[in-house]
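Inspection log for the structure reproduced underneath, given as structure tokens.
Where a number appears in this text, it was derived from the coordinates with a stated rule and is not lab data. Predicted, not measured: the structure shown is a model, and the values here were computed from it. All Cβ positions, glycine included, derive from the backbone under ideal geometry; neighbour counts span all protein chains shown.
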Amino acid sequence: MRATRFFISTTKEAPSEAELVSHKLMLRAGLIKRLGSGLYTWMPLGLRVLRRVEAIVREEMNRAGAIELLMPAVQPAELWEETGRWAVFGPQMLKIKDRHQRDFCFGPTHEEVITDVARREIKSYRQLPVNFYQIQMKFRDEIRPRFGVMRAREFLMKDAYSFHAGKDSLAATYQTMVDAYGRIFSRLGLTFRAVAADTGAIGGSASHEFHVLADSGEDLIAYCPDSDYAANVELAEALAPAVPRAAPQETQREVDTPKQTTCEDVAALLDIPLARTVKLIAVMADEKLVVLLLRGDHMLNEVKLGKLPGMADFRLANEAEIRAAFDCPPGFLGPVGIDRAKIKVIADRTVAAMSDFVCGANKPKYHLAGVNFARDLPEPDFVADIRNVTSGDPSPDGQGTLQLCRGIEVGHVFQLGSKYSQAMNATYLDEAGQSLAMEMGCYGIGVSRIVASAIEQNHDDRGIIWPETMAPFLLVVVAIGYGKSEAVRHAADTLYAELGSAGFDVLLDDRDERPGVMFADAELVGIPHRVTVGERGLADGVIEYQPRRAATGQSGEAQKIALADATVFLKELLGG
């Protein structure tokens with residue numbers, strides 16, 4: 001492609017509302033242009049990157065035995081009403097009416113549509129298993145679209161759905177898809193982890209997320225450096241302390257804490273570790289007050305709590321409810337002396353193993369020190385893992401300790417089971433002629449999100465550094481003075497033609513621009529390899545080669561190569 005026949009629209013500055021590096025660089029490099037809130041036009045350069053990602057996804061899905069189809073983006077409400085999701089999916093669903101006032105939505109996902117296909121087309125176990133996939137634009141009406149295509153309202157997604165005659169078949173395909181996802185992200189040149197995850201609103205019995213590791217990631221991941229264990233913090237298990245609870249060594253006593261309403265402030269006042277304090281969180285479940293006890297330096301995990309019996313719809317208690325139960329303002333609450341006949345106490349595993357701890361006294365401006373279970377208050381009604389793991393916690397697989405890092409979710413796989421097939425009567429006849437609900441799997445990849453995620457992981461102060469498999473062009477030939485020098489024009493055209501004939505995607509920058517502008521654009525856009533052809537070098541029979549990325553991860557050093565050897569050198573370098 002010649003730059004003069006292409007469309008390059010780079011800018012020096014990104015709009016002030018762009019927050020993430022990827023958003024700024026995609027706008028500056030002219031990969032995308034904003035149309036409206038969460039809506040972007042993919043410009044020619046950006047579309048080339050998107051199509052490269054899409055091609056690798058398609059190749060690996062086909063290799064894994066999935067079959068491509070394309071479902072309607074606009075879906076009738078009747079399908080969603082069958083599964084009960086029309087009313088509960090939430091405001092993310094863009095609902096529309098046609099001219100006959102019939103309800104439709106712009107598809108945020110396609111479980112209902114593909115299940116309708118399956119129930120119409122699949123009748124016998126002989127037709128199973130089957131795995132369908134599509135690559136299609138989705139729409140979710142985000143309350144606050146931000147970060148460019150990272151959290152846009154319209155986005156390109158690969159979604160696949162498998163159907164099975166039994167759970168063993170589902171488990172086998174699920175593993176096949178996990179393996180395929182690993183190949184996809186490896187081929188894209190991304191540093192990623194597959195992590196165990198919560199099934200969330202999609203439902204099902206098992207789930208894994210695939211995260212591109214980046215400091216800007218919204219998700220916190222717990223992983224063990226000494227093993228393959230990795231899980232979203234929402235799901236990572238915090239093991240009970242290996243050491244049993246120590247015998248009491250202190251007597252319970254009141255301590256004056258006139259202004260200290262947080263565990264941090266109390267620990268500082270008493271000059272004790274924060275880990276010796278216990279905080280009380282009051283929640284309401286089924287309109288009854290429930291008390292949660294966590295160590296002062298730990299955070300409540302709402303996903304874990306919501307899975308406990310009777311806690312599915314819990315909410316935080318308001319101040320009026322707290323004062324009615326404790327006759328004390330928040331900040332001084334504790335578990336000692338509360339009416340256990342009316343208030344249920346759930347303690348985190350770590351708290352249940354503590355002794356001589358500090359907690360609120362249920363009395364304004366006071367806390368209690370030297371508190372112990374069994375002696376000063378009854379044992380908890382229920383002990384459970386209700387906290388987020390922290391760095392240094394033992395790994396649940398017993399192979400070491402956990403570390404935390406941030407990741408950007410780019411893929412998610414689920415074992416759905418029969419949730420949707422039962423609701424929509426998607427059945428098959430088994431070998432005995434019995435009608436059974438199909439088992440289902442669901443496998444998604446955020447194709448457009450991958451583009452932004454790759455930039456978050458691969459950039460420097462000059463711009464994007466694309467992995468070669470994602471770059472819009474593999475190599476750029478910068479021809480300095482192309483329109484003025486016959487020697488430059490001939491050398492650049494010859495090199496461009498020979499590399500193109502060899503099958504390489506090459507951009508010939510034949511614009512009438514200053515060298516600094518051409519170099520800056522090439523680095524901003526992130527083309528992996530650059531060759532500079534200029535009169536000065538040609539006079540000595542050489543051209544200049546420079547990689548965008550060196551072994552250290554930053555821009556590499558330039559080197560002179562003989563013009564006569566340039567094609568052979570570049571073919572070998574580029575894998576030809």
Cα→Cβ-extended label distance, 7 Å offset, between residue 573 and residue 96, nm
4.8
Can you compute the FRET efficiency between residue 41 and residue 535 using 1/(1 + (r/R0)^6), with r the Cβ-Cβ distance and R0 = 30 Å? Round to the nearest 0.05.
0.20
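For the range 473-574, give me the percentage of DSSP beta bridges that are antiparallel, rounded to the nearest 5 percent.
45
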Inter-label distance, nm, simple model (7 Å from Cα along the C-beta direction), residue 127/residue 226
5.2
Mind running the shape call on the range 253-384? Use the C-alpha gyration tensor, a ≥ b ≥ c as the square roots of the eigenvalues: rounded below 1.5 for a/c, prolate if a/b tops b/c, oblate otherwise.
prolate
Taking the DSSP beta bridges in the range 253-384 as the whole, what percent of them are antiparallel, to the nearest 5?
65
By count of other Cβ within 10 Å, fewest leading, how are 45, 31, 429 ordered?
429, 45, 31
Per 0.36 nm of contour for each residue apart, how much would the distance between residue 245 and residue 191 grow if the chain were fully extended, relative to their Cα-Cα spacing?
15.3 nm
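Between residue 489 and residue 565, what FRET efficiency follows from the Cβ-Cβ distance if R0 is 25 Å, with the result rounded to 0.05?
Efficiency, from the Cβ-Cβ distance: 0.80.
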Diffusion coefficient in µm²/s returned for the chain by Stokes-Einstein, Kirkwood Rh over C-alpha pairs, 10 °C and 1.306 mPa s, is 57
Going 7 Å from the Cα of residue 252 toward and past its Cβ, which residues in the range 322-362 have a backbone nitrogen under 15 Å from where you end up?
333-341, 355-362
With 0.36 nm assigned to each residue of separation and the Cα-Cα distance removed, residue 103 to residue 4 gains 30.9 nm
Cα centroid separation - the range 263-328 against the range 432-506, whole Å
50
Scoring the range 473-574 by relative contact order with C-alpha pairs under 8 Å, at least six apart, yields a percentage of 29
Over 21 Å, how big is the tail of the calculated P(r) for the range 473-574, in percent of all Cα pairs?
26
Under a plain spin-label model, where a point goes 7 Å from the Cα along Cα-to-Cβ, how far apart in nm are residue 520 and residue 82?
5.7
Output the antiparallel fraction of DSSP beta bridges having both residues in the chain, as a percent to the nearest 5.
80
Calculate, for residue 19 and residue 299, the FRET efficiency according to 1/(1 + (r/R0)^6) with r their C-beta to C-beta distance and R0 41 Å; round to the nearest 0.05.
0.95
Length gained if residue 275 through residue 341 is fully extended, taking 0.36 nm per residue and subtracting the Cα-Cα distance, is 20.9 nm
